[in-house]
Amino acid sequence: MRIAYLEDEASLAGTVTDWLHAAGYEVEWFSSGVRCAQAVESRRFDACLFDWLVPDLSGIDVLARLQIKLRQAMPPVVFTTGRDSEEDVVGVLAAGADDYIVKPLSRPLLLARLEAVTRRRSGAGAAVQRDFGRLTVDYGRRLIALEDELVSLTDRETDLALYLFKNVGRALSREHLIQVVWSLTPDIDTRTVDVHVSALRRKLGLIPKFGWRLTSIYGYGYRLERARSPG
């Protein structure tokens, strides 16, 4: 079984890699989120083990990029992190992770969790649906409905919309969106982001009248947030 392991702390990565090798796993270690995402997109892995806080592209953002790129071919993902609040755990699982382990890591627990998630993933995953006022977002089937009517979106518009709704209230730079949603390097022309954002505002009604703002942040990017008062 091949594991993609994302961890920027070299000493911990060495220890965990030794544990996995001793248990019979083949491990490829990455200290860069971007390089990890590129590898999982291009080669087959049976599971991923991601640290949350990685300097160039966090584990959460690597997960989002892979979900967009791989869809049903997405391998199971276990997160390892020192963040242990209930809000953090719920957020990671809601983002699509299969499990979550709080550091410091235990060898028996880590191996048991990896075995469990790969066993559970032998069948199809369940769809995850959430309501956002007039909008219903079905992450599993990649569908968005406005007042119970399906909205016609392009694949890339869908990718962007799903990512925005997973990050309500978060400021996202154009460069970051290019990396995560388009899986491209951030030094290209980012005007394509503006075009897609404009389309989503129009098609999904992301305006204060309907309780939303898809706000442009000058010189930076965008934030999807709930409007405090419709109108």
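The values are calculated or read from the model by the stated rules, or taken from the named source; none is laboratory data. Only a predicted model underlies this, so the values are computations on that prediction, with no experimental measurement involved. Cβ atoms come from the backbone with ideal geometry, glycine included; neighbour counts cover every protein chain shown. Accessible surface areas use protein heavy atoms only, side chains included; no ligands, DNA or RNA. Shrake-Rupley method; radii C 1.70, N 1.55, O 1.52, S 1.80 Å.
State, to one decimal in nm, how far the label point of Arg35 lies from the label point of Arg2, with both points 7 Å from Cα in the Cβ direction.
Computed distance between label sites Arg35 and Arg2 equals 1.7 nm.
Between Phe165, Ser183, Ile217, whose Cα lies farthest towards the positive end of the dipole of the stretch 129-226 when Lys and Arg beta carbons carry +1 and Asp and Glu beta carbons carry -1, centred on the Cα centre?
Ranked along the dipole, the leading option is Ile217.
Can you order the peptides 104-111, 42-49, 2-9 by their average number of other Cβ atoms within 10 Å per residue, highest first? Please list the in-between numbers first.
Working: 104-111: 12.9, 42-49: 17.6, 2-9: 20.5.
The packing order, highest mean first, is 2-9, 42-49, 104-111.
Roughly how many debye, to the nearest 20, is the charge dipole of the chain about its Cα centre, given +1 on each Lys and Arg Cβ, -1 on each Asp and Glu Cβ, and no other charges?
Values: 31 positive and 31 negative charges, 155 e Å.
Rounded to the nearest 20 debye, it is 740 debye.
Count the lysine pairs in the chain whose Cα atoms lie under 27 Å apart, taking only pairs 8 or more positions apart in sequence or on different chains.
Numbers: Lys69/Lys166; Lys69/Lys203; Lys103/Lys166; Lys166/Lys203; Lys166/Lys209.
Close lysine pairs under the 27 Å cut-off: 5.
Considering only the other residues whose Cβ falls under 11 Å of the Cβ of Thr17, what net charge follows from Lys and Arg at +1 and Asp and Glu at -1?
Summing Lys and Arg as +1 and Asp and Glu as -1 gives -4.
Count the net charge of all other residues whose Cβ sits under 10 Å from the Cβ of Ser31, scoring Lys and Arg as +1 and Asp and Glu as -1.
Value of the local net charge: -4.
Cα extents of the stretch 2-121 along the three principal axes, largest first, in whole Å?
The principal-axis extents, from largest down, are 33, 32, 30 Å.
Need one number: convex hull volume per residue for the chain, Cα atoms only, in Å³.
127
Roughly speaking, what is the stretch gain from Tyr218 to Ser152, that is 0.36 nm per residue apart minus the C-alpha to C-alpha distance, in nm to one decimal?
20.9 nm
Can you give me the orientation-averaged projected area of the convex hull built on the Cα atoms of the stretch 72-149, in nm²?
With every direction weighted equally, the projected area is 6.2 nm².
Pop out the carbon and sulfur fraction of the accessible area of the stretch 141-222 as a percent, whole number, probe 1.4 Å.
Heavy-atom surface of the stretch 141-222 belonging to carbon and sulfur, 1.4 Å probe: 51 percent.
For the stretch 2-121, what % of the accessible area comes from carbon and sulfur atoms, probe 1.4 Å?
Numbers: 2730 of 5450 Å².
C and S atoms contribute 50 percent here.
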